[in-house]
Structures are given as C-alpha cells and as structure tokens.
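This report concerns only the one structure given below.
The numbers here are math on the coordinates, done by the rules we state, and not lab data. Since this is a predicted model, take the numbers as computed values, not measurements. Don't worry about glycine lacking a Cβ; one is built from the backbone with ideal geometry, like all the others, and counts go over all protein chains shown.
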C-alpha cells in the first residue's frame with residue numbers, strides 16, 4: 001500500500017547552505033481517516049524564502065518556528081483520494097499547508113478547493129502566496145500612481161515578477177533587479193519591463209541611473225544586498241518602500257545595517273514592512289484584484305520545478321544563490 | 001537712527017562646531033518702507049536644528065539652502081513699528097521668517113499676526129514650528145491609540161517635550177530620552193512622563209527595557225545616535241516610527257547607517273519621515289488640535305533664551321551637545 005513519505009526538521013540552520021543533516025526523511029504508513037476527515041495526495045509543494053524564517057529559532061518572527069521533530073511547513077496542492085467529509089469528494093483539487101509529506105489526513109480546516117482546470121504550476125505561482133503577496137504589497141503598501149517609477153528587487157522571482165507586471169498593467173515605468181543576464185532578458189523581452197539590471201554587475205549606480213532617469217518613486221524590496229543602497233539613494237521625495245523580503249540577509253549571522261535615516265527625513269520616505277499572514281483574511285479581495293490581470297493575459301509566470309520530495313532540501317539553497325528561475329516548487 | 005543689525009552666511013559648515021568665521025555681522029541703515037509695506041522690529045528669533053540643513057550645500061534637502069551672502073534664515077516674532085500697509089498697524093505683534101536681522105521691511109507675505117497677550121517665549125516654543133511639528137508627527141504620522149507605549153528621543157527639546165505631553169494627554173505610556181539627568185528629572189517630575197532615560201548612560205538597553213515593560217509601539221525620532229538601535233530593537237509588531245530629526249548625524253561627514261531592515265519585516269514596522277514645510281497649509285487645523293491641550297494646561301514648555309543677535313551663532317552648537325534646556329531662542 002502507498003506509504004506517506006515525510007521530512008522532519010531535526011536541527012536548525014546556522015547560516016550557510018541548507019544541508020541534509022538538518023532533516024530526517026521517513027516512510028510512514030498510509031494515514032487512516034476518521035469520520036469528518038479526508039485524505040489528500042499532495043501533487044506539488046511550494047518552496048518559499050519564508051522557510052528560512054520558519055526554520056530559525058527566532059521567536060520574534062511573525063510565524064512561530066517549526067518545532068524540531070515536526071514535519072517541515074509548506075504550502076501545496078493535491079487531490080482528494082479518499083473522503084469521509086461532507087464537503088470534500090474524491091477527485092477534488094485542493095490547496096493547503098500540507099507540509100513536506102505526500103499523504104495528508106485532514107478535517108479540511110484551512111484547506112481550499114481549486115478550479116480543477118488550474119495547473120499545479122499556475123496555482124502555486126500565481127493564485128497562492130506569491131500572487132497574494134504581490135497584490136497586497138503593490139496596491140496596499142506602495143499605493144502606486146500611473147507614471148511613477150517602480151523598482152523591484154528579486155524581480156524574476158515569484159513575487160517580484162508579479163509586482164512588476166502589475167506595475168506595467170497600471171501604467172508605471174518598471175525596472176527590475178535580478179541576478180543574471182538571462183533573468184534580465186526575460187523581464188524585458190517576455191514580461192515587458194522597461195528595464196532590468198543585473199545586481200551582480202559593476203557600475204550598479206550608473207546603470208540604475210540610466211534606467212530611472214526620473215528617479216525612483218516606489219521600491220518593492222525582496223532581497224536586500226547590493227541593490228538596496230543604490231535604489232535607496234535614488235528615491236524621490238515622498239517615495240514609498242515596501243519591505244517584503246531580505247533573502248540576501250537571511251543566511252548572515254549579522255545582518256547588514258540599513259541605510260542612514262537622513263534620507264528618510266530629507267525625502268520624507270515611508271518604509272513599510274509587511275507579511276502575508278497579517279492579510280490572509282483579505283485574500284478573497286486580493287485575488288479579485290489580481291484575477292482580471294491574469295485573465296487579460298498581463299501576468300505571466302515561470303515555474304522552476306524540482307522532482308521528488310527530497311529535492312526540497314537542496315532546493316532551498318537556490319534562493320540563496322538566486323539560481324532559481326521563477327517560482328520554485330517540488331513535484332511529488 | 002536705529003540701524004539694522006544683520007548676520008549673513010558666508011561659508012558652509014564642514015562638520016564639527018559652528019564657528020563665527022562662517023558668518024559676517026554688519027550694521028545696515030534702517031530700511032525704508034514703500035506703500036504697501038511695513039517695518040518690523042524683531043524681538044525674538046528661534047534657533048532650530050533644521051538650520052544645519054539650511055546651511056549645508058546639499059540640494060537634496062527639502063528646503064533650498066541659504067545662499068552664501070544671504071541673511072541667515074530663521075523664524076521670529078516682532079512688533080510693527082511703522083506701516084504703510086492697510087492690514088498691519090503700528091503695535092501689531094507678528095510672526096514670520098524674518099531671518100537673522102533686527103529690522104525687516106516687508107509686504108506682509110507669509111507673516112501672521114499674533115494674539116498680543118502671547119509672550120515671545122510661548123509663541124516660539126508652542127504656537128510655532130515646534131507645536132506644529134509635534135502635532136503633525138504625533139497625530140498624523142504615529143496615529144496613536146490610548147494605552148500604547150511611546151518613546152520620544154530629544155524629549156526635553158522643543159518638539160519632543162510637546163510630543164510626550166500630547167502622549168500623556170491622550171492616555172499613552174510615555175518614556176523620553178534626553179541627554180542629562182536634569183532634563184530627565186524635568187520630564188518625569190514636571191511634565192509627567194512615565195519614565196525618562198539619559199542616553200549618555202551605560203546600560204541603555206537594560207534601562208529602556210525596565211521603563212517599557214510592554215515593548216514600544218510608537219517611536220518619535222528626534223536625534224538618532226545611541227538611543228536609536230535599542231529603541232528599534234524593542235519595537236512591537238505593527239509599530240510606527242516618525243523620523244523628525246537626526247541631530248546626532250547632522251554634523252557627521254558620514255552619517256551612521258540605520259538598523260537592518262530585518263525587523264522591518266519581522267515586526268511589520270512603518271518608518272516614516274516628515275518635515276513641516278510639507279504640511280504648513282494644514283497649520284490652522286494642527287493648531288486647532290493643539291490649542292485645547294494648551295488651554296487645559298497640559299502643555300508646559302521651557303525656553304532657553306540667549307541675548308543679542310550674535311549669540312545665535314554659538315547658540316547652534318548647543319544642539320550638537322544637547323546642552324540647550326528647552327526651546328532655544330535669541331532675544332534681540
């Protein structure tokens with residue numbers, strides 16, 4: 001009979017690459033469901049930069065850490081393969097925080113049904129945390145106006161690529177920062193960004209200045225690192241910065257300092273951090289803002305699909321080097 | 001006949017103390033007024049930290065710098081001593097950007113009449129930039145709620161002392177940071193702050209923790225320097241920071257870096273810079289918010305009065321060392 005493959009977190013990362021010895025891979029018996037439960041076979045799970053926070057012991061974080069010995073937390077999609085629940089039937093396509101495992105017995109709490117015509121890739125790349133986060137940050141933190149200049153870091157990533165495309169859909173001048181020339185080509189030639197900059201290049205400041213001749217009004221910050229200071233220094237008066245991710249800092253023992261607050265006064269900037277868990281109650285409204293742009297063909301995505309549950313472990317390291325090409329996910 | 005004493009800026013400060021050789025003191029003839037003008041004898045002028053920005057060559061600043069050779073910019077109060085203007089009469093008490101001079105011929109633009117019962121000290125300490133700035137920052141940037149914990153840096157200064165008293169009037173737990181034990185005593189024993197901390201002390205973090213047992217929800221930042229990081233690290237989730245001044249950085253050639261943005265995400269903080277020139281159109285509404293608290297006796301102030309126009313020059317250095325005791329002004 002089909003077993004449940006699980007991966008548990010057994011040690012916390014201490015900076016540097018994620019290694020297999022932090023995890024324990026097991027085969028468990030197929031879960032038995034009770035009345036009011038159903039069984040999901042997960043088909044794809046999402047890898048997200050937020051996982052670095054979930055693995056850390058820091059209790060200050062906005063979501064409690066994964067306890068040592070627990071199955072690693074993740075969002076995924078799957079199919080109902082057995083049901084004793086009145087609202088879920090065999091064959092339903094569902095999404096939930098299924099974690100790093102293949103079979104899940106659940107009472108349905110926190111699980112939503114998906115349109116069965118939606119591919120796993122589209123579900124996890126757009127109609128999920130990336131699309132929600134991008135929509136919340138773009139509309140409700142940056143509060144954009146047509147004609148403004150928007151810079152997005154991590155622009156080829158799952159969130160950043162949607163933020164930039166929303167910017168284009170709303171009439172902004174959009175420049176993306178990404179970690180390779182190939183990604184920059186994709187942003188400009190496929191997604192229609194007005195410009196893209198490889199943050200690993202020299203002459204970052206000169207290149208950024210050439211691409212943002214009117215300065216920068218809005219900055220969607222996904223990465224931190226080398227791009228942060230040059231962008232910050234080109235912010236216009238009354239500029240707004242949404243701080244969504246700092247992947248370049250998550251693996252450092254001592255995070256880099258931020259920019260001096262002198263420009264916060266001089267330019268009357270607003271810097272606002274946000275995370276989706278605060279806004280999940282607003283998910284239906286956010287999806288309603290996003291869906292028309294998807295239907296209009298304005299939101300393209302790129303999924304980077306790894307194969308097999310154990311590939312989730314080494315897959316996390318792709319975030320640190322910026323080697324993922326689009327939304328990272330694991331097909332089970 | 002009475003002459004007009006003037007002080008012109010002739011060189012720009014390069015960090016370090018403000019010295020007399022940056023200025024030229026002159027005696028000019030008494031100005032002659034034309035039809036539609038009136039003559040003001042300035043009686044008191046305000047010294048403000050913003051003057052460091054006005055003297056710097058930095059064109060990024062929110063107000064254009066004072067041009068070399070021009071009379072130094074300042075706000076002041078005075079009396080109309082001669083008038084050929086239909087709306088201003090001899091004896092009127094007036095306020096305006098009169099600059100570092102004793103006699104001003106003007107057509108009245110930007111000049112407001114004051115209640116003649118208002119002392120120069122009250123006019124410049126409360127019903128002027130300090131009160132407007134405190135009211136804007138407290139109500140419209142921090143957006144406080146009763147029961148929250150507010151920390152104010154530069155709390156014994158003209159703006160900070162009003163912010164803290166507004167906090168007490170609105171039911172907040174208020175802790176001030178100041179540069180001497182004497183100032184801290186004044187904050188707690190005279191103004192009714194819940195606590196005060198001398199930022200020159202050791203064990204800043206421990207003392208701050210003891211005074212803010214529930215963490216910090218709101219931070220009104222007037223100074224930068226040693227207090228910034230300990231306060232930042234104690235911010236609660238969804239905390240708000242109003243950045244109004246960074247006097248500890250104005251005289252540095254290289255400003256200090258700010259805190260890492262990691263906590264901006266983790267705590268979903270909002271950091272917002274503001275300056276009063278953006279909000280002067282709103283001055284009547286701000287004064288209407290402030291006045292009832294003044295009338296109710298909830299807003300005390302302390303004026304630090306220097307004597308004679310030339311004392312304005314060395315007076316600026318009191319800001320850098322934090323040696324001013326209350327609102328700095330010069331009586332002419």
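Observations
- Label reach from residue B:139 (point 7 Å along Cα→C-beta): in region B:102-118, amide nitrogens under 20 Å belong to B:115.
- Label-to-label distance, nm, for residues given as residue B:20 and residue A:311 (7 Å Cα→Cβ offset): 7.8
- Position residue A:69: other-copy label points at 8.0 nm, ordered by increasing distance, label point 7 Å along Cα→C-beta.
- Rel. contact order, % - alpha carbon contacts under 8 angstrom, at least six apart, chain B: 18
- Take every pair of alpha-carbon atoms less than 8 Å apart whose residues are at least six positions apart; their mean separation over the length of region B:61-199 yields a relative contact order of 14 percent.
- Over region A:183-229, the Kirkwood radius and the radius of gyration, each from Cα atoms, give a ratio Rg/Rh of 0.93.
- Per residue, the convex hull spanned by the Cα atoms of the protein assembly as shown measures out at 179 cubic angstrom.
- When only alpha carbons of region A:179-270 are considered, Rg and Dmax amount to 13.7, 38 Å.
- FRET efficiency for residue B:146 and residue A:81, using Cβ-Cβ distance with R0 set to 45 Å, rounded to 0.05: 0.25
- Computed lengthening from residue B:28 to residue B:10, 0.36 nm per intervening residue step minus Cα-Cα distance: 4.8 nm
- Using a 7 Å Cα-to-Cβ projection, residue A:87 label spacings across copies, nm, ascending: 6.5
- Here chain B has an Rg and Dmax of 20.3, 67 Å, counting Cα atoms alone.
- Calculated over region A:53-180: convex hull of Cα atoms, volume per residue (Å³): 158
- Cα-based helix-to-principal-axis angle, A:158-169 vs chain A, degrees rounded to 10: 50
- Summary for residue A:280: label point 7 Å along Cα→Cβ; distances to the equivalent points in the other copies, ascending, 4.9 nm.
- Structural descriptor for region B:254-332: relative contact order 26 percent, calculated from alpha carbon pairs under 8 angstrom and at least 6 residues apart.
- Treating r as the C-beta distance of residue A:238 and residue A:331 and R0 as 45 Å, the FRET efficiency rounds to 0.50.
- For region A:7-105, taking the reciprocal of the average inverse distance between every pair of different Cα atoms yields a Kirkwood hydrodynamic radius of 14.8 Å.
- Rounded Å value of the spacing that divides the Cα centres of region A:159-201 and region B:268-322: 44
- Cβ-derived FRET efficiency at R0 22 Å, residue B:115 paired with residue B:35, nearest 0.05: 0.20
- Most mobile listed residue (B:322, B:308, B:99) in chain B, GNM with C-alpha springs under 10 Å: B:308
- The fraction of Cα-Cα pairs per 5 angstrom bin, counted from 0 for region B:167-208, comes to 6, 27, 30, 21, 13, 3, 0 percent, rounded to whole percents.
- Shape category assigned to region B:233-332 from the gyration tensor of Cα positions, a/c cut at 1.5: oblate
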